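Quick note: the coordinates plus some simple rules give every number you see, no bench work behind them. Quick caveat: nothing in here was measured; it's all calculated off a predicted structure. Methodologically, a virtual Cβ is constructed for each residue, glycine included, from the backbone with ideal geometry; neighbour enumeration extends over all protein chains shown.
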Ligand SMILES: Cc1ncc(COP(=O)(O)O)c(C=O)c1O
């Protein structure tokens, strides 16, 4: 049967909670749509009280949160920042914008998170920070990373873009390092189109973060009445989301536990459906149990080679199913070659960049759609 547009299985689909329009209407009725409004404050309060974060700053993206964290780290030309190459560009770009050099370290072949064993050897006298990325919402080895960082007096900034809601030893990811950055981009579990948050664990960074997020001005002091006019006091940029975005986000945050639970269940369905393909050795499963250890952000696995992976994604396209690879490793990208350097061998990163692919996943994906996806993958191997 010819597939029609309507039976397309998209890689990602917007998950509406049902509060969005009412809250946006409330925001409009409030008459103020700029940043720092009632809904923005409510979102920040939610992040503090539900994640156990000391300070939370809503931003217009995780990229913005990473950029603020880079400014707060006071890194500059000549400084080095250790991070995985197997990550999204913003992890590196935020520090390159300050003139610092990303030093790329390989990931482990179990969870595709930065390999804690390789970090110490990548540290030089110029190293200022480590940026672990919690890939697929699965925790990096934070205890070991913090220990290494403490020994070398380094700042730890968690790129928790994909990791809202994952808990490691009673602590939420994103609240464990000195700083943490979340994404609420449409492709994430909790969404508002484009949005993010910066979490601060260090009291001393709080005042400066307020200034950086407000275009380098002390406007927050002016609003709270501690100065009678505001002025340019530091570097900064426009990092606030509008109240419309915060209104959309608030209901999403309040419902996030349920969203994550639903998504983890969908991942579990894939794990069961894919088992015959894994046990026949046609595809390699993830090295971690994503439905248990992750937040339901992603379901991925590995083909035997890049050629097979790419042909499989094309095959799925012909069946109206969208699968996606992840990532073109940063160390071999044109900008990565120009602005960064490698700090270890990159065997796992190169392998994962070539062979990994992600299956369609969203909170409201139906089991019938998941069955169709796995049947289409199975038909590729026949
Ligand atoms: C690991 C990681 N870091 C940073 C980002 C950037 O997030 P945003 O799109 O909110 O700027 C993403 C987004 O995909 C990501 O996956």
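Given an 8 Å cut-off on Cα distances and at least 6 residues of separation, report the relative contact order of the range 95-169 as a percent. Walk me through the numbers before you get to the answer.
Details: 88 pairs, mean separation 21.2, N = 75.
So the answer I get is 28 percent.
Would you report the distance distribution of C-alpha pairs in the chain as whole percents per 10 angstrom bin, up to the bin with the largest distance?
Per 10 Å bin, starting at zero, the Cα-Cα P(r) for the chain comes out as 5, 23, 31, 25, 12, 3, 0, 0 percent.
Hey, what angle do you get for helix 256-279 against the long axis of the chain, alpha-carbon based, 0 to 90 degrees rounded to 10?
Orientation of helix 256-279: about 30 degrees from the principal axis.
Compute the FRET efficiency between residue 74 and residue 143 as 1/(1 + (r/R0)^6), taking r as their Cβ-Cβ distance and R0 = 22 Å, and round to the nearest 0.05.
Computed FRET efficiency for residue 74 and residue 143: 0.30.
Once the piece of chain linking residue 204 and residue 171 is laid out straight, how much longer is it, given 0.36 nm per residue of separation minus the C-alpha distance between them?
Working it through step by step, the gained length comes to 9.8 nm.
Suppose the chain between residue 257 and residue 126 were pulled fully straight at 0.36 nm per residue; how much longer would it get relative to their current alpha carbon spacing?
43.1 nm
GNM, the chain, Cα, under 10 Å: largest mean-square fluctuation among 45, 367, 80?
Result for the chain, Cα springs under 10 Å: 367 fluctuates most.
Test of understanding: ordering 13, 188, 229 by Cβ neighbours within 10 Å, fewest first, what list do you get? Before the final figure, lay out each step's value.
Numbers: 13 15, 188 22, 229 8.
By the 10 Å Cβ count, ascending: 229, 13, 188.
Please report how far the C-alpha centroid of the range 1-78 lies from that of the range 213-264, rounded to the nearest whole angstrom.
For the range 1-78 versus the range 213-264, the Cα centre distance is 9 Å.
How would you rank 328, 235, 75, going from fewest to most other Cβ atoms within 10 Å of each one's own Cβ?
If I rank by nearby Cβ atoms, fewest first, I get 235, 328, 75.
Based on a Kirkwood Rh over C-alpha pairs, give the Stokes-Einstein translational diffusion coefficient of the range 257-380 at 20 °C and viscosity 1.002 mPa s in µm²/s.
Calculated translational D: 138 µm²/s.
Compute the normalised compactness of the range 325-382: alpha-carbon radius of gyration over 2.2 N^0.38 Å, N being the residue count.
Working: Rg = 16.7 Å, N = 58, 2.2 N^0.38 = 10.3 Å.
So the range 325-382 has a normalised radius of gyration of 1.62.
To the nearest 0.05, what FRET efficiency results for residue 21 and residue 215 with a Förster distance of 22 Å applied to their C-beta separation?
Efficiency for this residue pair is about 0.10.
Any chance you could give the angle, 0 to 90 degrees and rounded to 10, that helix 243-254 forms with the longest Cα principal axis of the chain?
60
On a 0 to 90 degree scale, rounded to 10, what angle separates helix 38-51 from the longest Cα axis of the chain?
The answer is roughly 70 degrees.
From a point 7 Å beyond the Cα of residue 33 in the direction of its Cβ, which residues of the range 51-65 have a backbone N at a distance under 17 Å?
Inside the label zone: 60.
Considering the chain as a Gaussian network with a 10 Å cut-off on Cα pairs, which listed residue, 327, 339, 230, attains the greatest mean-square fluctuation?
Taking springs between Cα atoms under 10 Å, the residue moving most is 230.
Rounded to the nearest 0.05, what FRET efficiency do residue 54 and residue 337 have when you use their Cβ-Cβ distance and R0 = 35 Å?
Numbers: r = 38 Å, r/R0 = 1.08.
Working from the Cβ atoms, E equals 0.40.
Using Cβ counts within 10 Å as a stand-in for footprinting exposure, how do 159, 202 rank, fewest first?
Least to most surrounded, the residues fall as 202, 159.
At what distance in angstrom do the alpha carbon centres of the range 90-165 and the range 269-285 lie from each other?
Centre-to-centre distance over Cα atoms comes out at 30 Å.
Please give the calculated 222 nm ellipticity per residue for the chain, where each DSSP H segment of at least 4 residues contributes -39500 (n - 2.57) and the sum is spread over every residue; nearest 500 deg cm²/dmol?
-12000 deg cm²/dmol
Using label points projected 7 Å from each Cα along Cα→Cβ, tell me how many nm separate residue 311 and residue 272, to one decimal.
Calculated label separation equals 3.2 nm.
Expressed as a rounded percentage, what relative contact order does the range 174-329 have, with Cα pairs under 8 Å and six or more residues apart?
After rounding, I find 15 percent.
Please compute the modelled spin-label separation between residue 8 and residue 89, points set 7 Å along Cα→Cβ, answer in nm with one decimal.
Those two pseudo-labels are separated by 2.4 nm.
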